[in-house]
Amino acid sequence: MAGKNHLAHVFSPVEIGCLVLRNRIFVPAHTTNFADNNLPSERHLEYHRAKAAGGAALIIFETIRVHPTSIGRSGATAGYDDACIEPFRKITDAVHAEGAKIFGQIVHMGREVDGTYARSATWGPSEVPWSPVATIPHMMTRADIALVVRNHAEAARRLVAAGFDGVEVHLGHGHLLQQFLSPSSNRRSDQYGGALENRLRFPFEVLEAVRKEIGPTFPMGIRISAEEFLPDGLSLTDMGPITRKIIDRVKVDFVNVSHSAYHASYSLSTQMADMQFSAATFRPLPKTIAAHLEGAAARPPVFAVCKFVDLTEADAFLSEGDISMVGMARAHIADPEIVRKTMEGRLQDIKPCIHCNQGCVGMLQAGLPITCLVNPTAGREGAWPLTPRKTSTARRVLVVGGGPAGLEAASVAASQGHDVTLWEGSRKLGGELNLLEAMPQRRDFLKLLQHQQYQCRAQGVNIVLERSGTAKSVQDFSPDILILATGASQQSVKFAGGGESLTLGEALARGHQLGKRIAILDTLGNWAVASVVEHFCNLAHDVTLFVPGGQIAWNVPIYSSFAWRSRVRERGLKVIAMKDIHSVQNGKVALKDVWSGELEDGGFFDAVIAPGAGSSRTALYDQIEETAAISMDNVVVVGDAISPRSALEAVFEGHRAGRELERV
Ligand SMILES: Cc1cc2nc3c(=O)[nH]c(=O)nc-3n(C[C@H](O)[C@H](O)[C@H](O)COP(=O)(O)O)c2cc1C
């Protein structure tokens, strides 16, 4: 089903305060780290222009920080200096020119922000850190609170001056105002702590100051967390009446309902629910909040968000009547044109968000600008237009290897008018990603492969299966450009004291036949290991994870790993830290203590798995170089064939190779 006519609810206009929006899909605020020394940048402009041109009705610009104690890093956007007005103005103009509206989200993030970058202390309501290893916050004084109230109003003034259409005050996601509101983070005994009236005092002061600054008609909304998912935190039962209290007292033009707290537990992972969560999984939350607002003198529109994967789903939800707009953040990062393509009935053209959290929040965690695993153009729209320009010098391109890197390179090269052939050695495209077929909880990755294959076919790539390529066959083919995407092969680990592990592929192939007791050695800390651990836990094996480095899942973004931890803990995963596997003899495992080097008995296991990074397949490259089959100037190597990493790097490098053939 596709097209505007089928999605009557999504494509009907909606009033938000004094504004009329063209449809009911908005892009929720999402931090990009695109700022240039804390100022809005050209990169922001192109990024948001693409989404406005792509059909979204409303863009909510990422967290605009109201005070230096909330800034944290150079890529974050500051709203505490008039210098932001001019660059913001360029962005709002660009968005308006494409027919969309744009709101700015103002926030102080409180205890989450490490003060090292701004050379300040971390601020919070009480000396309660968000994680056991985070900085202990400075307990804000009344003067600090008064300053932050003023800062919110001043930031709002700058947004009005910069041409924004509305302001969203962040009361959710465990940021400062929620930290004051929540008993889990507010332990104060003054007039800002204790009873609800006191915990609400600071949020009310902010909302009233902002409203006073912007006047009665300029749209102002709030973003809330309807549920903190913390044992001592705010639940939906609390947040319904709290939201009602707010709208009864301050003029609020919309209520954007999210959930979660920025807390080192399952709660954080709910905010960007990953592929393991079902679609639109938190939809009861906005509905319950909406029900609490019924009968209010001025009932504002309610917005819903989280893991809406397509407009059909959004339309079905909107048709129930109590929600006015649906937010799609990651779906827009994956494809900024999702609304327009849906409207035009081009559903297969939509790049599907697979909710892997690797390119978006994974990059944020690393302090880097966001990208997207399925859409490497995210954040590069200026350099890489969404629809690549046609080439004036079509080349004959041969891609060897049909995994995610090769497929991406082939379709992107072909989309510019090059003549592209892809050889894949096996009978099936997809490379290592095909292993995920065996793991139901990771199967959304296969949507990426399906999309890439569709694009290859649509762009006319000539795909040849069961042809691996030799120096001779490459020479005979005589390509102008050869892209080697030959991937990596898995290697079993040979233990120092004897015995060897199963590779991930071998283990998955045997599944239930592996026996009950399974040992998994983790030297990667990434999704490959986390996935296989969860897979065997789900199959009711008795799984022990050995982490010689002492950390668990350290390369899985925390926005996913906290939920993973709670799932595998519930399924009885045992973790043994700081011990390496020394030997495996007939199932008997000997361990080596990484501190002392002492050996000890590790027990008996039916299978020992060690998902290694693998080894790059370089044989074809080496042969070509040795025989001078073609000029090495015309050879580009991408993905695991350079060095085994993840699909994030593979797709990016494939894309870049396909885009930038002229540079070869
Ligand atoms: C990269 C990234 C950054 C985010 N930053 C913010 C932010 O600055 N402010 C905010 O309120 N929410 C932020 N969020 C949460 C989103 O607004 C949204 O609630 C969440 O991604 C769930 O919606 P989705 O499933 O449509 O992506 C961020 C999400 C992502 C993926």
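Every number here is computed from the coordinates shown, using simple stated rules; none is lab data. No experiment lies behind these values; they were computed from the predicted model shown. FYI the Cβ positions are ideal-geometry reconstructions off the backbone, even for glycines, and counts take in every protein chain you see.
Structure summary
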{"item": "Cβ-placed point charges (K, R +1; D, E -1), dipole of region 347-485 about Cα centre in debye, nearest 20", "result": "100"}
{"item": "Folded to 0 to 90 degrees: helix 236-249 orientation relative to the chain principal axis, Cα", "result": "40"}
{"item": "Stokes-Einstein diffusion coefficient of region 233-366, Kirkwood radius over Cα pairs, 37 °C, 0.692 mPa s, in µm²/s", "result": "203"}
{"item": "Environment charge at PRO40 (Cβ cut-off 10 Å; Lys +1, Arg +1, Asp -1, Glu -1)", "result": "-1"}
{"item": "Relative exposure of HIS67, HIS6, judged by other C-beta atoms within 10 Å (fewest first)", "result": "HIS6, HIS67"}
{"item": "Cβ-placed point charges (K, R +1; D, E -1), dipole of region 97-240 about Cα centre in debye, nearest 20", "result": "380"}
{"item": "Region 605-664 - Debye-derived log10 I(q)/I(0), Cα point model, q = 0.15 Å⁻¹", "result": "-0.58"}
{"item": "Percent of beta bridges antiparallel (DSSP, region 528-627, rounded to nearest 5)", "result": "75"}
{"item": "With Cα atoms, 0 to 90° folded angle of helix 527-538 axis to the chain main axis", "result": "90"}
{"item": "Magnitude of the charge dipole, the chain, Cβ model with Lys/Arg +1 and Asp/Glu -1, debye to 20", "result": "880"}
{"item": "Considering only the chain, percent of DSSP beta bridges that pair antiparallel, nearest 5", "result": "20"}
{"item": "Interatomic Cα distance distribution for the chain, bins of 20 angstrom, percent", "result": "18, 47, 30, 5, 0"}
{"item": "Packing rank of 314-324, 99-109, where each peptide gets the mean count of other beta carbons within 10 Å, highest leading", "result": "99-109, 314-324"}
{"item": "Rg in Å to one decimal, and Dmax rounded to a whole Å, for region 13-114 via C-alpha atoms", "result": "13.7, 41"}
{"item": "Residue order, fewest to most surrounding Cβ atoms within 10 angstrom, among PHE26, PHE477, PHE495", "result": "PHE477, PHE495, PHE26"}
{"item": "Distant-in-sequence amide H partners of GLY327 (H built 1.01 Å from N, under 5 Å)", "result": "PHE26, ALA304, VAL305, CYS306"}
{"item": "Cross-link pairs LYS307/LYS516; LYS428/LYS472; LYS390/LYS428; LYS101/LYS390; LYS212/LYS245 - those with Cα-Cα distance over 28 Å", "result": "LYS307/LYS516; LYS390/LYS428; LYS101/LYS390"}
{"item": "Amide hydrogen neighbours beyond the local backbone of ILE463, cut-off 5 Å, H modeled", "result": "LEU422"}
{"item": "Positive minus negative residues near THR393 (Lys, Arg vs Asp, Glu; Cβ under 14 Å)", "result": "+1"}
{"item": "Around PHE204: net Lys/Arg minus Asp/Glu count, Cβ-Cβ under 13 Å", "result": "+3"}
{"item": "Cα centroid of region 462-535 to Cα centroid of region 165-232, whole Å", "result": "50"}
{"item": "For region 476-492, 3J(HN,Hα) per residue [Karplus equation, 6.51 cos²θ - 1.76 cosθ + 1.60, θ = phi - 60°, Hz, x = Gly/Pro]", "result": "5, 5, 6, x, 6, 10, 10, 10, 9, 10, 7, x, 9, 9, 6, 10, 7"}
{"item": "Selection from ILE60, ASN434, VAL397, by position along the positive dipole direction of the chain (Cβ)", "result": "ILE60"}
{"item": "The chain: angle of helix 647-659 to the longest principal axis, Cα-based, in degrees nearest 10", "result": "80"}
{"item": "Phi-based couplings in Hz for region 397-403 (Karplus 6.51, -1.76, 1.60; Gly and Pro marked x)", "result": "10, 10, 10, 10, x, x, x"}
{"item": "Distant alpha-carbon pairs in region 425-570 (separation over 18 angstrom), percent", "result": "67"}
{"item": "Long-range amide H partners of ASN186 with built H, under 5 Å", "result": "none"}
{"item": "Dipole of the chain [Lys/Arg +1, Asp/Glu -1 at C-beta], most positive-end residue of ALA296, ILE552, SER267", "result": "ALA296"}
{"item": "Phi-based couplings in Hz for region 82-93 (Karplus 6.51, -1.76, 1.60; Gly and Pro marked x)", "result": "4, 4, 6, 5, 5, x, 5, 4, 5, 5, 5, 4"}
{"item": "Burial ordering of PHE11, PHE604, PHE164, fewest other beta-carbon atoms within 10 Å first", "result": "PHE604, PHE11, PHE164"}
